[in-house]
Amino acid sequence: MMRTHCTAFACGLAALAAASFIPAGASAEMNFSGKTMTLVVPYGPGGTYDKYCQTFAKHLDRHVPGKPTIIVQHMPGAGGIKAMNWAYTVMPKDGLHLITPLDNSVVNQLMRPENVRYDARKFTWIGSSNQTNIVLVVRSDTGVKTFEDMKGKKGMIAGASGKASTGYLFPGLLRGLFGLDLKIVTGYSGSSKTIFSVERGETQMAAYNWLAWSSKVPHWLEGEKPFARSIVQIGVFRDPDLPKDVPMVSDLVTKDVDRKAVDFIKLLGLLGRGLTLPPGASQETVATLRTAYDAMNADPAFEADLKKRSLRLIPSKGAEIQKLVNTAIDGATPEVVKHARHLIYGGES
């Protein structure tokens, strides 16, 4: 049974948000009557980004003044960076076009700036409906039952969509931190295709948001002889739905420079699944949509629909996310970013 969680960290964020305010002169009465809103998903259909966005499209209209028609548009490519770049540079700033942002938006900006044409601080974060960790799941027939088992394995293969995706970032980080003999194969179009590659034996593991695993292939992880196992996770706090014996990477590192790199990378799990406006939206629009999004998160019908889709609700307000994003970027020193990038990509670009 899915449930709404409030970890100590999440509750702290709620308190932070309570201290935020609507900009002076903003109005929550902007009317969207007769308009069509477009929500852009940076991946193809079927993943958790898509499932959350489809649920937003079904419920958000009731809370937006004027009840606009809401449609979903998919824009896959480059591990989601294609859509983020488009949203930043091309997307209309009329409040009728939003994007479900990448959870690794900040990581991409700092570590792969050559591919990124956006500044995540200048997006306007409307809100989020989930926070969760990235989890490495490995086929049981590899003989891997714990993370310690992976250290002695040779020639293992992970699948990923692109080098900017979490499917690459997390295995790459583990490879760099612990010297794993691990090849990462890219080119799969999203989490569903990558997970299928694990199922048919093309690859042996993948790393995705926990909800991708729990909603798509929960049967893999069940029983005394499961098809696959959750091996290690990364995030600010332990995912409340994972077994307690699945370690956090931050608990495994010993060197201070490695810990600082992990502390920077682990923020990717906090952005969750939500909506973001491109730069330039009016204060009135921001206030209207943040109010509407918060009301949707508080709507029992929305939470019930998420549960039907095997998705959970861990809400965050747009203002608190904005602070997290700004702090992460402003506080990342060039030395920490350089080390994190080296750990993940080595000599690759």
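Every number in this text was worked out from the coordinates using simple rules, so none of it is lab data. Since the structure is predicted, the reported quantities are computational estimates derived from the model, not experimental observations. A quick note on method: Cβ atoms are made from the backbone with ideal geometry, for glycine too, and the neighbour counts reach across all protein chains shown.
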| Sites matching trypsin sites (Lys or Arg not before Pro) across the stretch 271-349 that sit in DSSP coil, with at most 16 neighbouring C-beta atoms within 10 Å | Arg309
| Hey, how many Å between the Cα centroid of the stretch 242-318 and the Cα centroid of the stretch 120-159? | 17
| Reach of Lys35 by Cα under 22 Å, taken over lysines that are not fewer than 8 positions away in the same chain | Lys58, Lys67, Lys93
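Compute the convex hull volume of the Cα atoms of the stretch 134-267, divide it by the residue count, and report the result per residue in Å³ as a whole number. Walk me through the numbers before you get to the answer.
Numbers: hull volume 13.7 nm³, N = 134.
That works out to 102 Å³ per residue.
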| field | Listed residues Leu174, Leu211, Leu98, most fluctuating in the chain (Gaussian network, C-alpha, under 10 Å) | value | Leu174
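Determine, for each peptide in 45-52, 257-264, 165-172, 62-69, the mean count of other beta carbons within 10 angstrom over its residues, then list the peptides with the highest first. Intermediate values should be presented prior to the final figure.
On the way: 45-52: 22.5, 257-264: 18.5, 165-172: 26.4, 62-69: 16.0.
Going by the mean number of other Cβ atoms within 10 Å, highest first, we get 165-172, 45-52, 257-264, 62-69.
If Rh is defined by the Kirkwood formula over all Cα pairs and Rg also comes from Cα, what ratio Rg/Rh do you get for the chain? Display every interim value, and only then the final one.
Details: Rg = 19.6 Å, Rh = 20.4 Å.
Ratio value, two decimals: 0.96.
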| query | With axes computed from alpha carbons, what is the tilt in degrees of helix 48-59 against the longest principal axis of the chain, rounded to the nearest 10 within 0 to 90? | reply | 20
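What is the extension gain from Asp181 to Thr142, computed as 0.36 nm multiplied by their sequence separation minus the C-alpha to C-alpha distance, in nm to one decimal?
On the way: separation 39, 0.36 × 39 = 14.04 nm, distance 1.35 nm.
So the extension gain works out to 12.7 nm.
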| Does the stretch 191-334 classify as rounded, prolate or oblate by the C-alpha gyration tensor (a ≥ b ≥ c root eigenvalues; a/c under 1.5 gives rounded; else a/b over b/c gives prolate, otherwise oblate)? | oblate
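Just the number, please: percent antiparallel of the DSSP beta bridges in the chain, rounded to the nearest 5.
On the way: 18 of 33 bridges.
Among the beta bridges of the chain, antiparallel pairing accounts for roughly 55 percent.
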| request: Once you've got the GNM for the chain with C-alpha springs shorter than 10 Å, pick whichever of Pro42, Pro226, Pro76 has the biggest mean-square fluctuation. | output: Pro226
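Can you tell me what share of the DSSP beta bridges in the stretch 134-267 is antiparallel? A percent to the nearest 5 is fine.
65
Quick one: of Lys151/Lys307; Lys193/Lys323; Lys145/Lys307; Lys153/Lys193, which pairs are farther than 28 Å apart, Cα to Cα?
Numbers: Lys151/Lys307 37 Å; Lys193/Lys323 34 Å; Lys145/Lys307 30 Å; Lys153/Lys193 25 Å.
In this structure, Lys151/Lys307; Lys193/Lys323; Lys145/Lys307 exceed 28 Å between Cα atoms.
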